Amino acid sequence: MNHSRVLRIGLLALAGLFIGGLICLAAAYLYVSATLPKVDTLADYRPPVITRILGDDGMPVAEFARERRIVVPVSGMPQQLIQAFVAAEDNNFFNHQGIDLTSIARAALKNLLAGGIVQGGSTITQQVAKSLLLTPERKFSRKFKEAILAWRMEKKLSKEEILYLYLNQIYLGHGAYGVQAASENYFAKNVEQLSLAECAVLAGLPRAPSRYSPYQNLAKAKERQRYVLGRMIDEGYITEQEAAEAMAEELVVHPRLSPQVPGAAYFTEQVRRYLEARYGQEMVLDGGLQVHTTINRTMQQAAQQAVQENLRSHDRRRGYRGPQRTLSAEEEKAFLADQDAVLNGPPSAGSLIEGVLARSQDGSLLVRIGSYTGLVSSKDAAWVGSVQVLDRGKEAIVKRGKVRLPVGSVLLVRVEQKLEDGSLRLSLQQQPEAQGALVALDPLTGYVKAMVGGYDFNQSQFNRAIQSHRLPGSAFKPIIYAAALDKGYTPASIVLDTPLIYRDKDEQGEETEWKPKNYKGEFTGATSLRTALSHSYNVVTVKILQDIGVRYAIGYAKKLGIESPLNNDLTLALGSSAVSPLELATAYCSFANGGVRPTPVYITKILDRDGRILESVDPADFPDGPQEGQKLIVKSPERVISPETSYLVTNILESAVREGTGVRARALGRPVAGKTGTTNDQKDAWFVGYVPQLLAVSWIGYDQERSLGPRETGARAALPAWLTFMEQAAKGLPAEDFPVPDGIEFRPIDPRTGLLAPEDSRQIIIEAFAPGTAPTRYALESTKPSAQDFFKLDMEDF
C-alpha cells in the first residue's frame, strides 16, 4: 500500500470522526436543549428581595429576608462600577454572544499547567444562566447547558438587561446579594454614591467574597482592588492617574449593623406575625414589602431603656443573689481565652458582660474580662453592701448588706467608663428575675408609638404588653368611677369610707366572709369621689360599684375596649379580672381623647415591591376604593362616652398625680393624669399616665406570680419606668393643659358635704361638674355628715 492511499484513508477517517463528532454534538444539543428552562422567564426577573419595616419617620426599623437584596436599575449604577465588574469578570462582554472561546481556552491552559482549577472561563452571561436557571454543580453537562442558555440569552436580552440581572443577583459576601446591598453593607451608602476606589473593591469580591472581604482582610481587599484597577486601565476605562488616586484613597469601611433598631424587637415581631398571617412567610421573606408602621424610634429606645433600668432597680431592692457561678483556675483560663476570641477590642461603655473576680485591690474588686481588667469600686457595688474577697475554692456567702465572694466568681458587670490607661470602670449587676412591659399610644389616633414586652427579647419572646393578662388592681378603678359619673355621681359626691362585711356561701355550702380594706387598713369616713379615686380607697369603690351595678360596670368596661372576661361580682371594683396592658391603654385613651376610643394601630401602609399600595389607613390612598388585593385598614375612632365624663375622669386623675398615689409623676413638670395599680400581695404593679398627646402603661411582675416584695406598689415599682420613659418621649411635645369641654361648670364646694359653699367661706374647693349636675343647695357652717351608712350625701336631705 502506497503512502498516498494511507494518507487518503487517514484523512477520510478523520473526516468521519469530525462529522461523527458534529452529529453527536448536534444530537446532544437537541437532547439537552429540549430539557432546558425557557430564557423568556428572565424577562420577568423577580428575585427575592428584603421586606423593610419603617418607623413613623420613614426610616428602617427592621428587615426580614432570606437573601438581603435591593434591586436597582442599571441606570442607577455608576458607569465606573459597571466597567469595574466587566473588566474584572468578562472583559469581552460587550463583544461576545454569550460564550467567549478565547477566555475558555486561556482558562483551560492555565488550569492544565496548574494541575487543577485556578481560573474559570465563564462569561457574565454564563454566570447569570448558572445563577438563575441552573444548579451550581461542577459537571461538564452543566457547563454545556450553561453555554447553550448563555447563547440563547444573548439572542433574547440586551447587554444592559443581562447586566441588570447579574449585578442584582450576584452574591458579594456577608449576606449581601447585588451591588446595592453590598454598597450598604461595606460603605453605608447607596450604589450611586460609590467612588472609583469603592467600585473596584466591590468588583473584586465575586471571585472569593469571604477572602477579599474588607471587613475580614483589608489588605487582601486592597490587593484585589489593585488588580481590578489594573484591568480597567488595560481596557481603557480609566487612566493610570485615576487608578493611582483610587489606590491612594483611604477606604472607610462601615461594618453593617443589624437593621433591627435596638429595643424594637417586640414591636417588629408583632408586625411580622401580622404579615405572615395575611401574606404568608414566603412573601415576608422574599417579597420586598415596604411596611410603614407607627413606631417612633426615639420613643421605642427610651421605652426599652426605661423598662430595663426599672427592673434592675427593683431587683437591687430585692438583694444580691450571688455570683453567676465559680470557676477553677483551669476553667478561668479557658473562659478568659474564649472571651478574648470573641471580643473585638474592649467592651463598649454601657454594655453588660460577664467578668471573673481576680482579687481585691485598694477596696475595689479587680475583675478580668478576656485580656482586659476593670475595677468595681465600693460605690459601684453599694447596692450589694460590703463585699469581701475569699480564697478560690471557698463558698460564696450572701447576706443582706454583707457579701463574701471567692476568687474565680463569675460576676455580671456593666462597663461604666473606659479609662485612659486602658482599664475599665465597672459596676456590679445581676439579671432581674421580674419582668416588665410598657406600651405607649397616641391617644388621638391609637397609633402605637412604643412597645416593650419584657426585659430582653433575646431571652424571652413572650410579649407581655399584649399577650400577658394580669390583674390591674386599682388601675381599673377609673373605669368604675367613669361609669358612676354617667349614673349621676359627681366628683363632689360624698361616700362613707367605713368597714364592710359581705357574707356568702361557697360551693360546699360553707359560709364565707369578704371584708374589703384600704391599702393602709384605715377608714376615712365621709369622702368625696375625687379624694377616693385620687387616693385609691378600696371600700368607697366597692360601695360605688354595688350602687351602680356590676353588670352595668362590665358593659361600660367593654365599651371602653376591655375585651377580656370580667368577674361578675364586687371584686371587680378592685381589679380582680386580668387584662393586658394594651387593653388598659385602649380604655384610658377614651379619657384622654374626649370620650372617643381609638383602635390600636401598628401599621399605616403596606406597599408591594412595585410600589402598589396593598393596605392603608388613609382612604385617600384608594380614590376609587380598594381593588382586588387591596385593603383599607378601617380604624374609625368611636365615641364611647361623653366629652364631659372623659374630662371629669381626667381631671380627677390629675388630682391623683398632684396629691394622690401618683404624686411621683409630678416630676414630669407638666399637666399629667394618671393612676397607680397594685394587687394583693404586690404580685402586680401598674401605672397608667398620660399627657394630652401621649399615653403610656407600665407594668411589672413575675411571670410565675409571686410577690414583688413589701411596699412594691404601683407608685414604687411601676411608675419610675413610666416617668423615665415620658421624660424622654415628651421632650418634643409642648406642655399643654387638658382641653375643657364647653359645658363643664366650675363651682365652689364645701369639701365636707359636697354641697355649694359661699365664695367667702373659710373652707372651699372649686369643683368641676358636667352640665346640670352641680349641687343647687348650700351647706351651712354647722352641717356635718350623718353617721349612717349611705352613698351620696348630696342626694340626701340634711
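Odds and ends about this structure:
- Taking 25 Å as the limit for the C-alpha separation, the pairs Lys222/Lys418; Lys130/Lys155; Lys558/Lys731; Lys155/Lys189; Lys517/Lys558; Lys449/Lys675 exceed it in the case of Lys222/Lys418; Lys558/Lys731; Lys155/Lys189; Lys517/Lys558.
- Fraction of accessible area attributable to carbon and sulfur, the chain (%, probe 1.4 Å): 51 percent
- Applying 1/(1 + (r/R0)^6) with r as the Cβ-Cβ distance of Arg666 and Lys402 and R0 = 30 angstrom yields a FRET efficiency of 0.25.
- Derived scalar couplings between HN and Hα for region 662-668 equal x, 4, 5, 6, 4, 4, 5 Hz in order, rounded to whole Hz, by the Karplus curve 6.51 cos²θ - 1.76 cosθ + 1.60 (θ = phi - 60°), x for Gly and Pro.
- Remark on Leu327: its backbone amide H falls under 5 Å from those of Ser409, Val410, a criterion applied only to residues 5 or more positions apart or on other chains, H modelled at 1.01 Å from N.
- With R₀ fixed at 51 Å, the C-beta to C-beta distance from Lys517 to Glu269 puts the FRET efficiency at about 0.80.
- Straight-line cross-link partners of Lys379 among the aspartates and glutamates, defined as a Cα under 15 Å from its Cα and at least 8 positions apart when in the same chain: Asp362, Glu416.
- Estimated translational D of region 196-346 in µm²/s (Stokes, Kirkwood radius over Cα pairs; 25 °C; 0.890 mPa s): 115 µm²/s
- Correct option for log10 I(q)/I(0) by the Debye sum over Cα atoms at q = 0.08, 0.11 Å⁻¹ [calculated from the coordinates] among [x] -0.88, -1.22; [y] -0.76, -1.38; [z] -0.88, -1.38: [x]
- Between Leu755 and Asp750, the built amide H atoms are under 5 Å apart, and every one of these is 5 or more places off in sequence or on another chain.
- Secondary-structure-derived ellipticity at 222 nm for the chain, considering helices only, amounts to -11000 deg cm²/dmol, per-run term -39500 (n - 2.57) for DSSP H runs with n ≥ 4.
- Computed with a 1.4 Å probe over protein heavy atoms only, the accessible surface of region 624-725 comes to 37 Å² per residue.
- Cα→Cβ-extended label distance, 7 Å offset, between Lys189 and Ser377, nm: 4.4 nm
- Amide H contacts under 5 Å for Thr604: His292, Thr293, Thr294, restricted to partners 5 or more places along the chain or on a different chain, H placed in the peptide plane at 1.01 Å from N.
- Put Asp391, Asp380 in order of accessible area, highest first, and with a 1.4 Å probe you get Asp391, Asp380.
- One chain, two ends: Asp624 and Leu352. Fully extended at 0.36 nm per residue, the span grows by 92.5 nm beyond their Cα-Cα distance.
- Global size of region 467-533: 15.3, 43 Å for Rg and Dmax (C-alpha atoms, Rg to one decimal, Dmax whole).
- Calculated accessible area for region 257-316 comes out at 39 Å² per residue, all protein chains present (probe 1.4 Å; ligands, DNA, RNA ignored).
- Karplus-based coupling profile of region 449-458, in residue order and whole Hz: 8, 7, 8, 10, x, x, 5, 8, 4, 5, with θ = phi - 60° in 6.51 cos²θ - 1.76 cosθ + 1.60 and x standing for Gly or Pro.
- Reducing region 350-398 and region 47-71 to their Cα centroids gives an inter-centroid distance of 43 Å.
- Antiparallel content of DSSP bridges confined to the chain, in %, to 5: 80 percent
- Of all complete DSSP H helices in the chain, those with a Cα span along the helix axis of 30 Å or greater and a mean Kyte-Doolittle hydropathy of 1.0 or more are 3-35.
- Cα gyration tensor shape for region 295-423, rounded if a/c is under 1.5, else prolate or oblate: oblate
- The modelled label-to-label distance between Arg762 and Glu705, using points 7 Å beyond Cα along the C-beta direction, is 5.0 nm.
- Whole-Hz ³J(HN,Hα) from phi, Karplus 6.51 cos²θ - 1.76 cosθ + 1.60, for region 398-413, glycine and proline x: 10, 10, 4, x, 8, 10, 10, 10, x, 4, x, 5, 8, 10, 8, 10
- The modelled label-to-label distance for the pair Lys156/Arg278, using points 7 Å beyond Cα in the direction of Cβ, is 3.5 nm.
The values are calculated or read from the model by the stated rules, or taken from the named source; none is laboratory data. Keep in mind that what you see is a predicted model, and the values were worked out from it rather than measured. Note: ideal-geometry Cβ built from the backbone for every residue, glycine included; neighbour counts use all protein chains shown. Just so you know, the surface numbers come from the protein's heavy atoms only, side chains and all, with ligands and any DNA or RNA stripped out. Shrake-Rupley method; radii C 1.70, N 1.55, O 1.52, S 1.80 Å.
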